[in-house]
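Laboratory data are not the source of any read-out in this text; all were calculated from the coordinates shown. Remember, predicted model here, so these are calculated numbers, not experimental data. All Cβ positions, glycine included, derive from the backbone under ideal geometry; neighbour counts span all protein chains shown.
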Amino acid sequence: MMELLSDSELEESDVVANCNMNRERNLRGSNGYERDLRFDPLAFLRDVEAQHDNAKWLDLCCGTGKALIEAAAEVDKESLSIEIIGVDLVGMFDSNESASLTLVEASLSLWQPPPQCKFDLITCVHGLHYIGDKLQLIERSLAWLSPIGTFAANLDRDNLKLENGDDSELIDGLRHAGFSYSALQKLLRSDGIRNVDFALEYLGADPEAGPNYTGQPAVNSWYRKM
């Protein structure tokens with residue numbers, strides 16, 4: 001097997017430091033979250049807020065935060081009770097003046113939301129491509145959902161590798177746990193909290209995996225069945 005990196009080593013690698021998949025992504029349009037997630041996150045949150053008086057959105061690997069800043073501007077204009085948090089490793093955020101939006105520079109292998117904070121929507125738009133332990137981040141994210149929460153992320157199944165089995169077993173395991181996964185759209189989704197135990201050992205990350213379906217260099221995550 002090739003030499004694998006720990007998550008801390010991966011975060012110092014060129015493929016992660018130079019990734020530009022999410023740097024300038026909009027909320028809507030041809031280069032927008034709505035297109036990649038197959039739904040409008042803000043419309044989703046409006047519905048939650050209308051039914052429950054408030055809503056919270058966590059966006060992982062948010063890049064410059066451009067899409068979130070656009071969403072926060074609409075939230076403020078409409079005086080909606082919607083809180084948005086974006087987290088990114090690099091922290092090269094666009095200027096944000098909205099009290100509805102918090103942008104956090106942090107490693108997602110270490111970051112935790114504030115205690116008792118649960119989110120009605122958690123998204124990761126093209127961010128998992130550059131995460132080492134993808135399954136752990138997915139598992140942790142589910143614990144941060146509210147009882148009515150939805151998790152949605154772009155995921156290329158070819159970036160999940162199993163040392164002692166068929167790689168397809170990893171996606172099968174996600175589906176068995178209740179996730180929906182579209183191989184065509186490369187979209188993973190879970191509606192509602194799910195208790196997930198993948199029973200896998202994370203071996204490390206391969207930053208030399210080459211381009212995935214996006215055409216950009218990505219990271220392979222290697223696992224072993226326990």
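Could you pull out the pairs from Lys66/Lys186; Lys56/Lys134; Lys56/Lys186; Lys134/Lys186; Lys66/Lys118 whose alpha carbons sit more than 18 Å apart here?
Over 18 Å apart, Cα to Cα: Lys66/Lys186; Lys56/Lys134; Lys56/Lys186; Lys66/Lys118.
As an exercise, use a Förster radius of 25 Å and the Cβ-Cβ distance of Glu163 and Ser6 to find the FRET efficiency, rounded to the nearest 0.05.
The pair Glu163/Ser6 has a calculated efficiency of 0.95.
Calculate I(q)/I(0) for the chain by the Debye formula, one identical point scatterer on each C-alpha and no solvent, and give its log10 at q = 0.07, 0.09 Å⁻¹ to two decimals.
The Cα Debye sum returns log10 ratios of -0.20, -0.34.
For the range 4-11, in order, what is each residue's ³J(HN,Hα) by Karplus, 6.51 cos²θ - 1.76 cosθ + 1.60 with θ = phi - 60°, in whole Hz (x at glycine and Pro)?
Listing the rounded values in order: 9, 9, 6, 5, 5, 5, 4, 5 Hz.
Can you check what the Kirkwood hydrodynamic radius comes to for the range 55-146, Cα pairs only, in Å to one decimal?
Over the range 55-146, the inverse of the mean reciprocal pair distance is 13.4 Å.
Residue-wise, which Karplus ³J(HN,Hα) couplings in Hz belong to the range 139-151, taking 6.51 cos²θ - 1.76 cosθ + 1.60, θ = phi - 60°, and x for glycine or proline?
So the Karplus estimates, Gly and Pro as x, are 4, 5, 4, 4, 6, 8, 7, 6, x, 9, x, 10, 10 Hz.
Rounded to two decimals, what is Rg over Rh for the range 155-226 when you use alpha-carbon atoms and the Kirkwood radius?
My calculation puts Rg/Rh at 0.97.
If contacts are Cα pairs under 8 angstrom and at least 6 residues apart, what is the relative contact order of the range 60-190 in percent?
This gives 19 percent for the range 60-190.
Explain nothing, just compute: Karplus ³J(HN,Hα) = 6.51 cos²θ - 1.76 cosθ + 1.60, θ = phi - 60°, for every residue of the range 43-60 in order, whole Hz, x for Gly and Pro.
Ordered by residue, 3J(HN,Hα) equals 4, 4, 5, 4, 5, 4, 5, 5, 8, 10, 6, 7, 7, 10, 10, 10, 10, 8 Hz.
If you average the alpha carbon positions of the range 139-211 and of the range 25-81, how far apart do those two centres end up, in angstrom?
With the range 139-211 and the range 25-81 each reduced to a Cα centre, they are spaced 23 Å.
To the nearest 500 deg cm²/dmol, what mean residue ellipticity at 222 nm is calculated for the chain from DSSP H runs of n ≥ 4 alone, each contributing -39,500 (n - 2.57), summed and divided by the residues?
Computed mean residue ellipticity for the chain: -6500 deg cm²/dmol.
Determine the gain in length on full extension of the stretch Glu208-Gln112; use 0.36 nm per residue of separation and subtract their C-alpha separation, reporting nm with one decimal.
31.7 nm
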